[in-house]
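Enquirer: Once you've had a glance at the structure underneath, I'll fire off some questions.
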Amino acid sequence: MNQPLLSVEDLHVRFRTPLGDVHAIRGISFSIERGQIMGLVGETGCGKSMTGRSILRLVPQPGEITRGRILFEGRDLMPLSEDEMHKIRGERIAMIYQDPAAALNPVFSIGQQIFMVMEQHQANSDVDTRQRVIQLLEDVGLPEPMTLYNAYPHELSGGMQQRAMIAMALSSDPSLLIADEPTTALDVTIQAQILDLLITLQRSRGISILLITHNLGIVAETCQRVVVLYAGRIAEQGDVGDIFHRPHHPYTKGLLAALPNPGSRGNALNVIPGRVPSGLDLPPGCTFAPRCEYVMDHCSQHQPGLFTVSPSHEAACFLHEEVGGKKP
Ligand code: SF4
């Protein structure tokens, strides 16, 4: 059997603060296959972005990875030196963010910025590198790439800036792209175009994508597999069909019910009552219990592990304990 491109095993991230330890990630494990787009979903504060940053070992201070393994292309990234990680970040795993304007350097043209990244990783002539940059700008759907080469970030729309960021991310030909809310700052039409671009790149280049989003609708359109995070743990994971047609965790059901429904225009959206607990003050037992309409006595005292629903589908909820499978 082929090895996954990325396996995250029992990842824990903690922040030491004057108020106490914040347990941002509490033992999550998942894999991404080669050429797969996987969605990482949850509300703000569930640990999605921190998971993406952990894969690159870029957890901000005072945070630290306290346990776990990150296996990428068969190599554990945790023991690597900072120099080795710098090479992995530059060449094998790329990341794009919600705000491309903040990530682009305002004083260099788009072409120059991609040229400089490419130059660091490849020993081509300047003419060849410039040609490759123009080709990349074309590959990400930017019009008139030869003209855009000399354009500055402020001359581009938000959607074009995000395409330029994607071109820069692809310039070292990575095998994994981590896209952290890449369309959240864009209007709906442009969002759809950027998602289409990600799908095209996955198909044409065989790249794997970890798509971090709070929006399950985006996952439905883009991903093959989904991990639903809640308060730093996995609530449910499965193939897109499992999550959308056979959701087993009340949190996943709540997120699905909160999606806008074209047939109910004008009606108020469903919302999950309450809010994600702070990592400083997690409730005992199941952390979703204070918001769960199915809560049982047992739930407030014990933390559910992931129960196997089917070979491709797991849910961390005592409602499914009788199905059997992995215990906590
Ligand atoms: Fe709700 Fe209990 Fe399941 Fe937690 S374990 S999601 S509280 S039913």
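The values are calculated or read from the model by the stated rules, or taken from the named source; none is laboratory data. Note that the structure is a prediction, hence the values are computed from the model and not measured. Counting neighbours? That spans all protein chains shown, and the Cβs are built from the backbone with ideal geometry, glycine included.
Enquirer: Could you give me the residue pairs with C-beta distances under 9 Å whose first residue belongs to the stretch 236-261 and is of a type in the set (S, T, N, Q), whose second residue is buried (at least 16 other Cβ atoms within 10 Å of the Cβ) and assigned to a helix (DSSP H, G or I) wherever it lies, and which are 6+ apart or on separate chains?
Expert: Gln237/Ile243; Thr252/Leu216; Thr252/Ile243
Enquirer: Still on this structure: Please give the number of the condition Tyr251 fails out of (1) in contact with a Gly (Cβ under 9 Å, 6 or more places away or on another chain); (2) under 22 Å from Ser29 (Cα atoms); (3) at pLDDT 90 or above; (4) more than 13 Å from the ligand (Cβ to nearest atom).
Expert: Unmet for Tyr251, out of (1) in contact with a Gly (Cβ under 9 Å, 6 or more places away or on another chain); (2) under 22 Å from Ser29 (Cα atoms); (3) at pLDDT 90 or above; (4) more than 13 Å from the ligand (Cβ to nearest atom): (4).
Enquirer: Here's something else I'd like to know. Could you grab me the full set of residues in the stretch 290-309 that are in a strand (DSSP E or B) and more than 17 Å from Ser29 (Cα to Cα)? Step through it out loud before you land on a result.
Expert: Within the stretch 290-309, the subset in a strand (DSSP E or B) is 307-309.
Residues satisfying the conditions do not exist here.
Enquirer: Within the stretch 119-135, identify whether any single residue is β-branched (Val, Ile, Thr) and in contact with a Lys or Arg (Cβ under 6 Å, 6 or more places away or on another chain), and answer yes or no. It would help to see each step written out before you state the result.
Expert: Within the stretch 119-135, the subset β-branched (Val, Ile, Thr) is 127, 129, 133-134.
Applying the additional criterion that residues be in contact with a Lys or Arg (Cβ under 6 Å, 6 or more places away or on another chain) yields none.
The answer is no, given that none of the residues of the stretch 119-135 is β-branched (Val, Ile, Thr) and in contact with a Lys or Arg (Cβ under 6 Å, 6 or more places away or on another chain).
Enquirer: Looking only at the stretch 33-52, count every residue that is surrounded by fewer than 18 Cβ atoms within 10 Å (Cβ to Cβ) and within 19 Å of Ser7 (Cβ to Cβ) and tell me the total.
Expert: Pass one, the stretch 33-52, residues surrounded by fewer than 18 Cβ atoms within 10 Å (Cβ to Cβ): 33-35, 43-44.
The next check asks that each one be within 19 Å of Ser7 (Cβ to Cβ); those that pass are 33-35.
Matching residues across the stretch 33-52 total 3.
Enquirer: Here is a follow-up. Please pick out the residue among Glu322, Glu314, Glu293 that is more than 10 Å from the ligand (Cβ to nearest atom) and modelled with pLDDT of 90 or more.
Expert: Working: Glu322 fails: modelled with pLDDT of 90 or more; Glu293 fails: more than 10 Å from the ligand (Cβ to nearest atom).
Every option except Glu314 fails the conditions.
Enquirer: Can you name the residue in the stretch 109-139 that is more than 17 Å from Pro153 (Cβ to Cβ) and hydrophobic (A, V, I, L, M, F, W, C) and, of all such residues, is modelled with the lowest pLDDT?
Expert: Residues of the stretch 109-139 that are more than 17 Å from Pro153 (Cβ to Cβ), as a first pass: 118-132, 134-135, 138-139.
In the following step, the residues that additionally are hydrophobic (A, V, I, L, M, F, W, C) were identified as 118, 123, 127, 134.
Details: Met118: 89, Ala123: 70, Val127: 80, Ile134: 96.
Taking the candidates together, the pick is Ala123.
Enquirer: Continuing with the same structure: Leu269 passes all but one of (1) more than 24 Å from Cys286 (Cα to Cα); (2) out of contact with any strand residue (DSSP E or B) (no Cβ under 9 Å at 6 or more places or on another chain); (3) assigned to a helix (DSSP H, G or I); (4) not charged (D, E, K, R); which number fails?
Expert: Leu269 satisfies all of (1) more than 24 Å from Cys286 (Cα to Cα); (2) out of contact with any strand residue (DSSP E or B) (no Cβ under 9 Å at 6 or more places or on another chain); (3) assigned to a helix (DSSP H, G or I); (4) not charged (D, E, K, R) except (3).
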